[in-house]
Structure formats: structure tokens, C-alpha cells
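Taking it in order: structure first as C-alpha cells, then the write-up.
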Amino acid sequence: MNETFRGVNIIVYRILIYGGLLFWAFLCLFPIFWTVTTSFKTAVNVTQGHLIPWIDFIPKWIGLRSLGLSPETIFEISTVRDEFLKRFVNSAITSVSASTLAVILGSLAAYGLSRFEYKLGIFKNSDISFFFLSQMILPPVVLALPFLVLYRELALLDTTTGLIMLYALMVLPIVIWIMRDQFSTIPLELEEAGLVDGLSIWGVFLRIVLPISFPGIVAAFILCLVLSWNEYFFAALLTSADAKTLPVMVASQTGSQGINWWSMAALSTAAIAPLVIIGIILESYIVKGLSTGAVK
Amino acid sequence: MYLVWSFALCYGVLLIKGERGQRALFVLPAFLFTIAMVIFPLIFSVYISLHDWNLSAFEGQKFSGLDNFRALLGDEYYWNSMLNMVYYLLAILVEYAIAFGLALLLNAQIVARKFFRVAFLLPLMLSPVAVSWMIGKSLMEYRFGPAATLARQLGWETPAFFSTTEIARISMMILDAWTFIPFMMIMLLAGLQALSKEVIEAAKIDGATGWQHFWKITFPLMLPVSITTTVIRIIFKLKMADIVINVTSGGPGGATDTVTSFIFREYRDRSNVGYGTMMAVVYLIIIVILMTFLLKLLNRWMQKVT
């Protein structure tokens, strides 16, 4: 009697767990599903709330056509497509170079801070670390307006270079945070062995430390990539024509057009697609990057 | 200019100090970069904030001392957005509870854990601008967004998510929570997985039920991780703006404004650099005081508990 009771209990427990998991997975995935499918819907399908492709409605290339990317328009000349591709490339260049810059600067600094003793006046290692990490607290809005004025003077306004530098600054603390944890897990003996073999400090860093900590670097790089790809605030303030990134383009569409649902959906899909793919493929790295520092 | 100078400095250090210089070279680039990009603009922003400076006005800047500050003290909308920040920060508690629950679910013995983890992670990867369109402007659309339809079927006659003060604020919280719960969840999950198995086994043998077990063992052990997570979440929350700018632009009547989005509009609509900067500087000061206070408090509390 008691045994069966316990069995039922476990089954109920299982159902609750899976129910919760499935519910939340639905909450996470439905908006993405909705956006992707909406880019194939005509106005009628949207207003009548049709949801499932091929059953509720017949998908059309309408969203991609509005961007000039559908099968039948891909070889024709399209200004919208040129605009879109330009923004897409801008976003890609900006985020990749900013992440690279931040990872280089950040891992150098993190390595230095985890290995050597520094003295800069009254400041010691922990103070320098704190100085870097405290940048995270700084709200972007404090920097935005001075940068606007400064960049105007330096002719960096609306240039990709200007944005890259800002984004690198924005993600630098995160890189240092992740990499410092990474480096402190590497045994010192390895490096000492390298030094004995006649490598310089830089030789040890490049030949021994970097290869070992490669997964950490990838994790940091991806986090940076995500943050700078999605960045909207600085981009909206500091770019207008040339260096405008994809999020700014998406945002500018939301205001002006009433209900051009399919084209908005296609744009949003394009803005999230690279990251969704990265997320699915490199999920374990992202999780790893986020969880450093959580456990000490 | 600054670039050339800092290269020269790096090279000079290398020459003078030899090996010790090589060590310094690890930190110096990042250090100089941060100084150039943070400290200098910060000082400059204090300078701007003391001026009456409108970029679209013809006459350019004019020193006005503390006029901006006085204007700020009387600015209802600014303090209103501050108050909103308090509400938004309180929402973190709910987010934390949900994230903890999800982390527990993911940590249970389940099949297809990989699938669930990826699915749960995805919202974090999406661009806030796209999210604000996807959910804010289409799913929650008044006439035929699926969320509105669902709400109608559940008995809410007029599911207008963004037109009255309280509901609009809650909607914004939900949107923001949707993107950031995965972040908290993953950090908490890492914490859960690092808990030592022996402690849990021992508790099981002692015959603790699930509920007791959670409150007596898991929760206290998770306290440090929880605090780290929450502090980082607070930092991110204080920067929240993109979604607000794109979904409601702060409306109705400033009910959903965050400080950042308010300053953003002050600049974009009025080009009022001087006043905007003053607001930002005051915000920074408040944040720094708040964070120092919070960290001190947490430190002391942690010492007492452990």
C-alpha cells in the first residue's frame, strides 16, 4: 500500500517537473517562433491570429521579399537590401573587432593581475582589479553624452572606429573577470617549467598559458560578441548614417511604419538569427563563461 | 595624440625597467585604455554638466554654475523615473525566485537537459530591440497580438498592456525579466552543481523531506552565489533602457521611464547636453553611493551568517 502510494507520488513529482520545464521552454521559444513565422504571413493571417504554418496559413516569401532577399527578388536590384546588408555588415564588423580588442587587452591585464605584483603609487593589485571591475557599475548614460561631444570634436562621430572603442570599453571588465578566474586555475608549475626552458615571460604567456585557457577565451569572446551585437544605446546616440548598426535600423522601423508586420518580423529575425545560431552551437561555452565567478 | 603618447609610455617602461617593465606591459595597455575612455570623459562630463549647453542652439555653451542642478531638483519627471527604478529593482526579487526555481528544475534528474538548457538560454542572446518588437509591439499588440487574444479569452476585456500606469510598468518588468531570468538561472545552476554531494546525501539519510531539505540545506549553501547573482543583476537593471525606449518611450506619462531612457530622450528630442549630463552625473553619484552601501551591508551580513 505504502509502496504504491510512493510510486504515485514520484509520478506526480515527475509530471510537475516536466510540466514546469515545458511551460518555461514554451515561454522562451514561442516569441522566437512567432517572429520567424510572422515574416511569412500576409496581413490577413496576422489579423486573424493564425499561428501554425501550412495548417493555419500558407507561408509566403513576403517578409524576405520586402528586404529584397526572397528567392525571386534576390538577383534584382534593391535599395532596401543594400541598406540592410550594410547595417548587417556594420554590426558584424563592429562587434567582432570590439570583442577582439577587448579580449586581447582584457586577457593581458587579467594575466598580469593574477601573476605579478604591481605597485602604482598607493595602489596594489587588488585595487587595480577593483578599478577595472568597477567599470561595470558605470551606467552607459554617464559616458554617452560626453562621448557625443568628444567624438564630434575628434570626427569620430558616426564612425565604426568610435563605436568599436566604446564597445571594447563596455565589455572589458567582463573579459577581465572571466579571464582572471581562468588563469588562476592554471598550475604555476607549468609556467615555471617554461621559464626554466628559457622562454621569456611573453613566451610563457603565448606558448603555454594561452593554449590552455583557450576555452575561457572563447567563452569571453562570445559573451562580448553577444553584448556588442545587441548594443543599442550608444549606437542610437552616436551613429546616424554611415556606421549605423542593425539594432538601430530595427528600432527606427518600429516607429515610422504602422503595421508592416512581415517586414518588421523579417528584420527582427535577421537581427536575432546569428545569435540564436551561436547560442545553439556554442551553448556550453556561454554557460561556462557566465558561471565563472558564480562559484568560487 | 593620446595613442602615440601611450605607445611611447609603454615602450619607455620596457626600456627603463627591463624585465619588470615586461611585466607591467601586461596591465598597462588595458589600464591606459580605460583611463582614456572613462576617467577623461567623466571629468569632461562634470564640466559639461555645469554649462548651459544645447547642441541645436546657435550660441553654443555658456557657463551656468549649478543652474542645471537646481533645475534637476525641481524636475518631477526625473524623480519619477528614479521612483520607477525602485519598482524595477524590487522586481528582481521575483525574477530571482523564478530563476531559482528553474535552476532547481534543471538540476533535477531529467532527460533532454541539453534541449531545455539551450531553450532557456536563448532569450538572453536576443537583441533587446528585437525583443521589444517581438514581444512588446507584436505579441502584446492590443488588437490581434496572441498575448492579447489569450488575455481576452482568460476574461480580461481590454488587454491594453501599455496604457495605464501600473499595468504598463508590470508589462515592462515582464519583458525585462524575460531576457534576464536565463542569466540568473545559469549562475544559480552553476552554484547548484557545485554543491557537494555528500552534504545532500547526508541530509537525505537524516530523512529530511524535500521542502525542509531545501530551506535548511540548499538555500543557505546557495547564499553566496545568490548574492553575487543578485548584485550583478542589479547592476544590469540600473542600465536598463533599450526596451523602454523602444516599446513605450517612457509613457504613459513617464510611468515606465528608467533614468537612462529619460536622459536618452532629453538628448534626442531636445539636444540638451548640459542638463542631460547633469542628470547622468547625479545618477552616477546615487548609484555609486547605493552600491557601496549595499556591498558593505552584504559583506557584514555574510560575515554574521557564516
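Laboratory data are not the source of any read-out in this text; all were calculated from the coordinates shown. Predicted model, so just to flag it, every value in this text is computed and none were measured. With ideal geometry, Cβ positions are generated from the backbone for all residues, glycine too; neighbour counts draw on all protein chains shown.
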Integer Hz, Karplus 6.51/-1.76/1.60 couplings in order for the stretch B:237-247, x for Gly and Pro = 4, 5, 8, 3, 7, 3, 5, 4, 4, 8, 8
Distance in nm between pseudo-label sites at B:I289 and B:T158 (7 Å out along the Cβ direction from Cα) | 4.1
With the label point 7 Å along the Cα-to-beta-carbon line of A:I93 and a cut-off under 11 Å to each amide N, the hits in the stretch A:142-161 are A:159-161
Can you tell me the FRET efficiency between A:E192 and B:M82 if r is taken as the Cβ-Cβ distance and R0 is 45 Å, rounded to the nearest 0.05?
-> 0.25
Please find the FRET efficiency linking A:Q253 to A:I104, where r is the Cβ-Cβ separation and R0 is fixed at 35 Å, and quote it to the nearest 0.05.
-> 0.50
What nm value, rounded to one decimal, do you get for the distance between A:E153 and B:D269 when each label is placed 7 Å out toward the C-beta?
-> 3.0
Measuring from its Cα centre, the stretch B:75-305 shows a charge dipole (+1 at each Lys and Arg Cβ, -1 at each Asp and Glu Cβ) which, in debye to the nearest 20, is 540
Tell me, what is the FRET efficiency for A:K86 and A:I281 to the nearest 0.05, using R0 = 30 angstrom and their Cβ-Cβ distance as r?
-> 0.70
Among the listed pairs B:K216/B:K296; B:K216/B:K237; A:K86/A:K288; A:K124/B:K296, those beyond 24 Å (Cα-Cα) = B:K216/B:K296; B:K216/B:K237; A:K86/A:K288
Report, by chain and number, residues whose modeled amide H sits under 5 Å from the one on B:H51, excluding near sequence neighbours (fewer than 5 apart, same chain).
-> B:S64
Would you mind computing, in nm to one decimal, how far apart the modelled labels at B:F63 and A:F130 are, each placed 7 Å from Cα along Cα→Cβ?
-> 3.5
About the Cα centre of the stretch B:237-305, what is the dipole size in debye to 20, counting +1 per Lys and Arg Cβ and -1 per Asp and Glu Cβ, all else neutral?
-> 380
Considering only the other residues whose Cβ falls under 12 Å of the Cβ of B:T260, what net charge follows from Lys and Arg at +1 and Asp and Glu at -1?
-> 0
Residue-wise HN-Hα coupling along the stretch B:161-176, computed from phi with Karplus coefficients 6.51, -1.76, 1.60 (Hz; x: Gly, Pro) = 6, 10, 10, 10, 3, 5, 5, 4, 5, 5, 4, 4, 4, 4, 4, 5
